[in-house]
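The values are calculated or read from the model by the stated rules, or taken from the named source; none is laboratory data. From a predicted model like this one, the values you see are computed outputs, not experimental measurements. Heads up, the Cβs are rebuilt from the backbone with ideal geometry, glycines too, and the neighbour counts pull from every protein chain shown.
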C-alpha cells in the first residue's frame, strides 16, 4: 500500500512539474517575442534613418543630424532593453532546463515505483495461485483417500 501512496504522490509531483515547465515555457515564449519586437523596432529605425539620409532634400538636410541623433538615442535605449531581455531569457532558460531535469528524475522514479507495484502484484497473484493449487491438491488427495 505504501508503494501505491508513493505512486500517487509522484504522479502529483509529475503533474506539478509539467505545469511548472509549461509556465516557464510560456514565459520564455513571451520574452522571445519581446526580443523580436525590440529587434524589429531597431531594424525599422535603421531602415528609416537610411531612407531619410538617402532621400533628404536641401530643405530637410538641416534637420537630418538631429533626426539621426534621436535615432541613435532610441537605438541605445533599445539596445539596453535587449540586453535586459537577454538576461531574463537566460534566467528563464536555466529555470526551464532545471525543471526539465527534475521532471525527468521524477519520471524515472515514477517508472521504478510502477515496476515495483507490478512486481508486488505479480508476487501476490503467484501466492494466490500457489494457495489455490495447494488447496486443490489437498482436495484431490482427500478425495483419492476416501475412495
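So if I check each of 17, 95, 87, which one is under 30 Å from residue 113 (Cα atoms), at pLDDT 95 or above and within 23 Å of the chain's Cα centre (by Cα)?
The unique qualifying residue is 95.
Determine whether residue 69 is loosely packed, with under 11 Cβ neighbours inside 10 Å and closer than 30 Å to residue 119 by Cβ.
The answer is no for residue 69.
Looking at the stretch 35-66 only, could you name the residues that are free of Cβ contacts under 8 Å to residues at least 12 places away in the same chain, in contact with a helix residue (DSSP H, G or I) (Cβ under 6 Å, 6 or more places away or on another chain) and assigned to a helix (DSSP H, G or I)?
Within the stretch 35-66, none qualify.
Given the options 142, 123, 134, 115, name the one that is in a helix (DSSP H, G or I), within 38 Å of the chain's Cα centre (by Cα), at pLDDT below 95 and farther than 30 Å from residue 16 by Cβ.
Only one candidate qualifies: 123.
Taking the stated definitions as given, is residue 91 closer than 30 Å to residue 24 by Cβ and assigned to a helix (DSSP H, G or I)?
Spelling it out, residue 91 is indeed closer than 30 Å to residue 24 by Cβ and assigned to a helix (DSSP H, G or I).
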